[in-house]
1. Residue 281 - would you say it is surrounded by fewer than 24 Cβ atoms within 10 Å (Cβ to Cβ), without any contact (Cβ under 8 Å) to a residue 24 or more places away in the chain and not in a loop (DSSP other than H, G, I, E, B)?
2. Taking the stretch 1-31, which residues are of a type in the set (Asp, Glu) and farther than 14 Å from residue 60 by Cβ?
3. Please determine, by comparing only the residues of the stretch 449-487 that are out of contact with any helix residue (DSSP H, G or I) (no Cβ under 6 Å at 6 or more places or on another chain) and among the basic types (Lys, Arg), which one is nearest to residue 522 (Cα to Cα).
4. Would you call residue 40 surrounded by 13 or more Cβ atoms within 10 Å (Cβ to Cβ) and either touching a Pro at 6+ places or on another chain (Cβ under 7 Å) or not β-branched (Val, Ile, Thr) (or both)?
5. Looking at the stretch 175-186, which of its residues are surrounded by 14 or more Cβ atoms within 10 Å (Cβ to Cβ) and more than 16 Å from residue 347 (Cα to Cα)?
6. Looking at the stretch 435-445, is at least one residue surrounded by 15 or more Cβ atoms within 10 Å (Cβ to Cβ), farther than 18 Å from residue 396 by Cα and β-branched (Val, Ile, Thr)?
7. What are the residues in the stretch 144-163 that are of a type in the set (A, V, I, L, M, F, W, C), open to solvent by 60 Å² or more (accessible area, probe 1.4 Å) and free of Cβ contacts under 8 Å to residues at least 40 places away in the same chain, if any?
8. Would you kindly identify the helices (runs of 4 or more DSSP H) lying entirely within the stretch 126-209 that contain at least 2 residues that are within 30 Å of residue 446 (Cβ to Cβ), at pLDDT 95 or above and charged (D, E, K, R)?
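The values are calculated or read from the model by the stated rules, or taken from the named source; none is laboratory data. None of the values given here were measured: they were computed from a predicted structure. Because the Cβ atoms are built from the backbone with ideal geometry, glycine has one as well, and the counts that use them run over all protein chains shown. Please note that ligands, DNA and RNA were not included when accessible areas were found on the heavy atoms of the full protein model with its side chains. Shrake-Rupley method; radii C 1.70, N 1.55, O 1.52, S 1.80 Å.
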Amino acid sequence: METGARKEIRALLGSAPRRRDLLIEHLHLIQDRYGCLSARHLAALAEEMRLAMTEVYEVATFYAHFDVVAEDETPPPAVTVRVCDSLACQMAGADGLLKGLAATLDGDVRVARAPCMGGCDKAPVAAVGHSQVYHASPNSVAATVADPGAGHGLPDYRDMDAYVADGGYALLRQCLDGGRTADDLIETLGDSGLKGLGGAGFPTGRKWSIVRSYPGPRLMALNADEGEPGTFKDRYFLERDPHRVIEGMLIASWAVEAEAVYIYLRDEYPAIRELLLAELAKVEAAGLTQRTQVHLRRGAGAYICGEESAMIESIEGKRGLPRHRPPYVAEEGLFGRPTLVQNVETMYWVRDIVEKGPKWFADQGRVGHPGLRTFSVSGRVRAPGVKMVPAGITARELIDDHCGGMADGHAFKGYLPGGASGGILPASMADIPLDFGTLDEYGCFVGSHAVMVFSDKDDIRDVAVNVMRFFEDESCGQCTPCRVGCEKAVKLMENGQWDQSLLRELGEAMRDASICGLGQAAPNPLFSVLDRFAEDLR
């Protein structure tokens, strides 16, 4: 073992615990400090944490945001520029931006393609290190390379003082002081119709009851790792009103008697991480976390970790591989304990529902579709962004009434109702209510409510290939149907003439045999094109 590397790792970790579940956090420290993960530092970290080198290496190489460098390899350049090439950014000119950067940037700079960064409404997006550049151009990216810290401070959010002045944390204090019961809260949430808004749509009150039914000790995880192309609503809430989410989270942890809460935040949101660290310290100082510890964990660039069991594996310091089920995470989740997993937006609504009553929330939606929904809308519309609207709204209403209509020169051709995995529907099917279950008969779903709109100027083949290429890049590789299926589908779809029968057979195998939702849903856009855009394939 190299003495210098051992000293550097010990100095970097300082007094931090050397627990296995902190492995990814420690890898982040090394990556942030040295710009890569060298073989000597990985060996020193393995020794310091008393782990096998293979355990450290397999985790380090799994996540896209870690640059692992072998002993005989040259370290990466000092600056890395990542350009998002997911669907919204591709429609906004990501390919041209990549070519422009290749001609503009020089020196010790690396330019690379990257998956969705959560800024689809500001496409195209690039990241210089951790500093994101919205509506990026070669010149604006070059300016950020020259001065990475310029214009990238904390967002203008409501801090704890402002939140408390508006009645914040009064409900949590009632819960902690015995003024509320968990059964009453669970009943209220059930009556409101609130569902998990991360994509699955499972009734929230019922989920709390299920977790409470298993013997403790129990834990909770807040999933803030939205990585679905087209999805940026959780970012919207955390950048503006983080304490409403935190209070909902702490109420949920109180209701299920969770000893600790783990917030899993995607690594593309460094400003949110900074503000959460500051505001969570205030919450703790106010005595509001006396019954539960709160831990903030960084993702590392793996879409698969949005799947709840893969997220739990990552929080435990492992590769983000989805677990076989049963048992479900409600029974055996984090560290083998019953675990409540909730999404950011779901927790945002808890306080309002309890304070204003379940009928208030339910009445916000259309008939048969209780509640409010937050849609992330991107693509060929005049005013993309986060739209808070009644559940059961249609895509046409979203576009015409909330997004200013289609962008100039573009005619509405189709849309993705639920991000990359939710399938694709033509404009002729834009009057279907958007809610959980309403699109099942069409082979689509709303998922995380990410609506991506494309026009007559877009080739449906390019749309489908872009989405399938994303799944190819993001497959965790654990199961053959997904790992090989996505790769083969991309190759077949990139051909001029699609072999439709072979693509159907491949997609059905992926849907039937993949371990988790990534592989099972990846063929949805493919089937949508085959079934509803056949004229575009001729």
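1. Against the criterion (surrounded by fewer than 24 Cβ atoms within 10 Å (Cβ to Cβ), without any contact (Cβ under 8 Å) to a residue 24 or more places away in the chain and not in a loop (DSSP other than H, G, I, E, B)), residue 281 qualifies.
2. 2, 8, 21
3. Among those that are out of contact with any helix residue (DSSP H, G or I) (no Cβ under 6 Å at 6 or more places or on another chain) and among the basic types (Lys, Arg), it is 483.
4. Answer is yes for this residue.
5. Passing the criteria: 176, 180.
6. no
7. Selection gives 146 alone.
8. 182-192
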